[in-house]
Amino acid sequence: MTTLAVLETVAPQTRVTAADARTALASVRGLSVVDAVAKLRLGPCRTCEPVARVLDRALANAGRAGLSAGQLVVVGGSATPAEPIVRVRRKAHGKADWISSETADVRVELQPAGAYEAAAVPAPVVAADETVVGGAPEDARSVPVREALYEVLDPDLGVNVVDLGFVRGVTVDEHDVATLTMTLTSPACPLTGIMEDQIRTALLEDSGIVADFRVVWVWSPSWRPSDISDDGREQLRAIGFSNF
């Protein structure tokens with residue numbers, strides 16, 4: 001089942017006890033799926049190969065939905081006892097007995113990293129005279145950062161990310177590190193890496209406006225054409241988009 005921010009995968013009758021599956025899921029909650037699979041398969045500490053295989057299946061489902069494995073975090077899951085698997089074990093001289101293996105119905109939930117980080121950050125308390133963009137108050141230190149982002153272009157449209165409404169907020173902390181809250185047209189959009197490379201060039205390599213930056217990708221509320229600025233609409237009309 002897919003929602004705006006969560007991709008859910010259910011693996012019925014996974015050959016693991018429900019208790020072990022719940023322990024395994026708790027140990028990797030908050031990790032990227034890649035790191036979670038590595039931990040459950042290779043350690044350190046206790047491993048759980050059956051749950052690692054469930055995460056493999058979840059990654060395959062995510063890939064079919066257009067989501068990159070590197071952008072997904074394990075945010076939850078559950079395990080409930082299921083019917084045991086019973087099979088025959090044959091011995092010498094034609095004798096046989098039965099082997100019963102416990103199983104569980106295992107459910108895992110994955111979420112894009114940006115949505116997970118945004119949900120973990122409490123909403124800021126904003127004074128009445130502060131301007132808020134994308135849920136984060138912006139101060140004077142953020143102005144040159146936002147101006148530099150006008151040089152970052154959507155590779156498909158050739159219009160900058162600010163006028164397209166992709167920049168939800170900009171803050172700069174006391175260590176001169178900028179945090180950019182951004183979105184794209186869809187969580188399945190494959191351009192996050194390209195955008196971050198352009199941002200690195202605009203903020204660090206070309207201007208050195210800040211010491212470093214990080215991008216928090218968020219998908220709720222989802223991007224809408226109404227987020228485009230008037231200047232952005234004019235630029236889109238100039239390249240042949242008539243419905244703006």
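The values are calculated or read from the model by the stated rules, or taken from the named source; none is laboratory data. Only a predicted model underlies this, so the values are computations on that prediction, with no experimental measurement involved. Every residue, glycine among them, receives a Cβ derived from its backbone with ideal geometry; neighbour counts consider all protein chains shown. Note: accessible area is taken over every heavy atom of the protein model, side chains too, but ligands, DNA and RNA are not part of it. Shrake-Rupley method; radii C 1.70, N 1.55, O 1.52, S 1.80 Å.
The accessible area of Arg107, taken with all protein chains in place and a 1.4 Å probe, comes to roughly 60 Å².
Excluding Ser207 itself, calculate the net charge of residues whose Cβ lies under 15 Å from the Cβ of Ser207, where each Lys or Arg counts +1 and each Asp or Glu counts -1.
On the way: positive: Arg141, Arg146, Arg200; negative: Glu147, Glu151, Asp176, Glu205, Asp206, Asp212.
Within the 15 Å Cβ shell, the charges total -3.
What number comes out for the charge environment of Gly165, summing +1 per Lys or Arg and -1 per Asp or Glu over other residues with Cβ under 9 Å away?
On the way: positive: Arg168, Arg224; negative: Asp163, Asp227.
Around Gly165, the charge tally is 0.
What segment 1-90 shows is 54 Å² of accessible area per residue, with the surface traced by a 1.4 Å probe over protein heavy atoms. Note on Ile99 and Arg29: the model spin-label points, each 7 Å out from Cα along the C-beta direction, lie 3.4 nm apart. Counting only heavy atoms of the protein chains and using a 1.4 Å probe, Arg224 has close to 130 Å² of accessible surface.
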